[in-house]
Every structure is written in structure tokens, then in C-alpha cells.
1. Here are some residues: 249, 224. Which one is closer than 18 Å to residue 12 by Cα and more than 16 Å from ligand 2 (Cβ to nearest atom)?
2. Only one of these is at positive phi and touching a strand residue (DSSP E or B) at 6+ places or on another chain (Cβ under 9 Å): 202, 211, 227. Name it.
3. Could you please let me know if residue 350 is under 23 Å from the mean Cα position of the chain (by Cα), within 16 Å of ligand 1 (Cβ to nearest atom), modelled with pLDDT of 95 or more and over 30 Å from residue 181 (Cα atoms)?
4. Somewhere in the range 228-243, is a residue out of contact with any helix residue (DSSP H, G or I) (no Cβ under 6 Å at 6 or more places or on another chain) and more than 22 Å from residue 337 (Cβ to Cβ)?
5. Name every residue in the range 346-359 that is assigned to a loop (DSSP other than H, G, I, E, B) and exposed (fewer than 15 other Cβ atoms within 10 Å of the Cβ), in order of residue number.
6. Identify the single condition in (1) modelled with pLDDT of 95 or more; (2) more than 16 Å from ligand 1 (Cβ to nearest atom); (3) under 22 Å from residue 141 (Cβ atoms) that residue 191 does not satisfy, given that it satisfies every other one.
7. Among the listed residues 164, 160, 175, identify the single one that is touching a helix residue (DSSP H, G or I) at 6+ places or on another chain (Cβ under 6 Å) and either in the same structural domain as residue 227 (by TED's automatic domain parsing) or more than 30 Å from residue 96 (Cα to Cα) (or both).
8. Checking residue 313 against (1) more than 25 Å from residue 252 (Cβ to Cβ); (2) touching a residue at least 12 places away in the same chain (Cβ under 8 Å); (3) part of a loop (DSSP other than H, G, I, E, B), which single condition isn't satisfied?
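The values are calculated or read from the model by the stated rules, or taken from the named source; none is laboratory data. From a predicted model like this one, the values you see are computed outputs, not experimental measurements. All Cβ positions, glycine included, derive from the backbone under ideal geometry; neighbour counts span all protein chains shown.
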Ligand SMILES: Nc1ncnc2c1ncn2[C@@H]1O[C@H](COP(=O)(O)OP(=O)(O)OP(=O)(O)O)[C@@H](O)[C@H]1O
Ligand SMILES: [Mg+2]
């Protein structure tokens with residue numbers, strides 16, 4: 001019996017991660033994982049394809065070796081400020097004699113939406129039906145089988161820059177693999193951290209990564225709104241590096257070892273010595289001073305999100321509260337700080353419904369997107385184009401190389 005294997009790749013600003021999972025009955029078990037530092041990505045967009053290709057190669061090979069499974073195609077996450085979501089309204093007249101609405105009518109509406117991508121330099125990632133209207137009757141979730149003369153639909157259409165997507169696919173292909181499905185990163189994270197109840201009643205998901213903070217609102221089981229902000233963990237590291245005049249890698253360590261989102265979460269202040277590889281003499285500071293550098297960036301980010309929700313009049317959907325995930329959510333005190341700023345229930349989003357049998361601990365918030373990419377691919381996502389010739393060639397070459405390696409390792 002063939003095994004049911006799912007593979008995913010998250011090309012983040014700070015790390016590239018690959019997981020290979022096996023579906024056994026209702027269980028999803030991660031059997032291989034590879035995570036390597038990412039270089040050549042800035043705020044969700046590739047800036048150096050050679051570096052990213054190498055990181056993808058490395059991450060997939062590590063995961064593949066651990067799982068003992070050869071990888072050919074992967075689901076990938078897409079983010080970046082180039083993503084645009086628009087609301088599209090369309091209609092069709094029902095032509096069948098008995099006026100019964102068929103799947104073909106719904107498909108016709110969808111093909112109207114697809115025409116959008118011819119007019120701009122954008123590729124459609126997802127078409128998310130918001131609601132259907134039959135002869136003026138609102139809020140119908142599934143019109144197939146119902147009777148009517150005119151079917152209207154409101155869709156949320158998530159689109160991404162054609163060139164940004166092409167470069168992501170190219171990097172994956174150059175590493176020797178093909179892209180199976182492309183999923184908006186916040187949607188992927190939602191599959192691994194949100195409960196069905198939260199998505200039904202209304203929730204705001206905030207994924208704080210290294211280069212981008214991705215936000216999405218879910219209500220009635222569907223994504224209602226999404227946005228990508230080009231500020232996240234790296235911004236905090238930069239402000240620490242600027243203040244103490246130290247290298248970013250030293251500032252990163254200070255942030256992780258001694259960072260607090262707000263002074264209020266510090267129980268006792270204590271002294272910290274800042275050493276760095278940049279040549280400056282060690283400096284003395286304390287955790288309270290460090291949090292005064294971190295706090296404004298986080299508070300500005302949360303206030304900006306709050307303002308966006310007001311602007312789009314969508315705060316009413318945040319009924320159960322807010323879930324914060326991504327590496328940035330590991331900052332000490334961030335949950336309480338978010339509660340204070342938003343005045344809502346806030347919880348940490350950790351990947352759920354997954355069993356892990358791998359060496360590294362992947363059940364952490366920085367792997368929410370990656371683990372969401374193996375949990376689900378939305379029915380309304382646009383599958384990747386057929387593998388390109390160049391890619392097939394790469395896979396053939398890779399298989400031959402794998403065979404040769406195997407022969408040598410058996411000697
Ligand atoms: N313990 C911690 N405290 C504070 N920040 C942390 C901690 N651990 C990780 N981070 C921060 O999380 C960020 C990385 O998060 P994540 O791995 O989710 O990003 P990414 O997926 O690589 O980037 P993006 O999604 O923006 O493309 C880094 O800026 C890192 O400093
Ligand atoms: Mg990420």
C-alpha cells in the first residue's frame with residue numbers, strides 16, 4: 001500500500017523550514033524536519049536567489065534524510081507586501097429550465113473572478129467565497145441545488161505579484177523540486193493554531209515573524225480579512241543593535257536572553273552585561289532598559305493593527321479574541337502586553353493536532369506556518385502550474401545523483 005506523505009516548505013525571512021509528514025488514518029505524524037537559517041529574503045520577497053536555493057536544498061535534504069523519503073514536490077507558503085486581497089462581486093443568470101442552480105453556475109462565477117488576473121501583474125492565490133445571493137436573498141453559504149434566476153457572489157480574492165511568486169517557484173525548482181500548492185502564510189498558520197470554534201465565532205490571528213507580521217481575521221469558518229505588515233522581529237533586533245552600537249547577531253542574543261515586551265512584565269530588574277564581537281568594550285545595562293527599547297516597536301505594531309481593523313470596520317468579528325504566533329510571539333510578556341493594548345482575550349498560538357517524531361522540537365510558534373502547510377491546502381486555492389521542463393530535468397539529475405550516493409554509501 002502506498003504511503004500518504006505530505007511535504008511542505010516555509011521560506012521565511014530568518015529560517016527556511018521543511019517538514020515531511022505521514023498521514024495514518026486520522027493522525028498526521030511529522031517524520032522528517034530540516035530547518036536552516038535563511039539569507040536572501042527580505043520581508044517575504046527573495047533578494048538573493050542563489051542563497052535561498054541553497055537553503056531550500058539544505059532544509060529539504062535534512063528532512064528527507066530523517067524521514068527516509070525522497071521529496072519531489074512541496075506545498076509552499078507565500079507572504080510579502082506584494083499580496084493584495086480584493087472583494088469581487090459577480091453574477092450569473094440561471095439558464096436551466098427548472099432554475100436549479102448547478103455546480104457549473106458556481107464554476108462560471110469563479111471563471112469570471114479568474115479574469116481579474118489578466119488585467120494586473122497579479123496571480124490569484126485563493127478565491128474565498130464570502131457569500132452568495134439568490135434573487136436578492138442574502139447570506140447563502142452553498143447555492144448548489146437551490147432554485148433561482150440570478151446568482152450573485154461576493155468573493156475575497158487573494159492575489160500576489162506574478163514575479164514574486166515566479167521567483168519563489170524558481171528557487172524551489174533550482175533546488176530540484178516542484179511546487180505543489182501555494183498557500184498564503186497566514187492561512188497556513190491558521191490551520192495549525194486556530195480551533196474550529198475560534199474560526200466560526202471570530203478571531204484575529206497575528207503571526208509575528210522576522211521580516212513580516214501577517215494578520216488575518218476569521219469568522220463563520222472563513223478568512224474575512226488579511227494583511228501583511230513589513231515590521232516584525234528583525235525590527236526589534238535592529239533597535240537594540242542601534243542603541244548599543246553592537247552587531248545584529250549580538251543584539252539578537254540580547255533580545256532572546258533578556259527581552260521583555262513591556263516593563264510591566266519584569267518582576268525584578270537585574271543587570272546585564274552586553275558583550276559583542278564588534279570590538280566595543282562590554283557595556284552594563286539592565287533588563288528594564290532593554291525592555292524600554294523593545295516596547296515601543298511592539299506597541300507601535302499592535303496599535304497599527306488596531307487602527308487597520310478600525311479602518312476596515314472589522315473589529316466586530318474579533319469575538320473570541322486574538323491568537324499570537326510566529327517566532328516573535330515568544331517575547332516574554334507579549335501576551336499580557338497585547339491584552340492591555342487591544343483590550344481583548346489573547347492567547348499564544350502553538351501548533352496543534354500534530355504528532356512529531358523528529359529530532360528537533362517543532363511544536364513551537366515559529367513553525368505554525370510550516371506545520372499548517374501540511375495540515376490543509378484550501379479547496380479554493382489555485383494549484384501550481386504543471387512542472388516546467390527544466391524542473392523535470394533537475395529531478396531526473398537529482399535521482400541519478402541520489403542513486404550514485406546510495407551506491408557509494410553501501411560500499
Ligand atoms: N525567544 C524569543 N524572544 C523574542 N523573539 C524571538 C524569540 N525566538 C525567536 N524570536 C524572533 O522571531 C523572529 C523569527 O520568527 P519566525 O521564525 O516566525 O520568522 P520567519 O518565518 O523566518 O520570518 P517571516 O515569517 O517574517 O518571513 C526573529 O526575529 C527572532 O528574533
Ligand atoms: Mg514566517
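1. One residue alone meets the criteria, 249.
2. 202
3. no
4. No: zero hits.
5. Once the filter is applied, which keeps residues that are assigned to a loop (DSSP other than H, G, I, E, B) and exposed (fewer than 15 other Cβ atoms within 10 Å of the Cβ), the range 346-359 yields 352, 353, 357, 359.
6. Result: residue 191 fails condition (2) only.
7. Exactly one residue qualifies, and that residue is 175.
8. (2)
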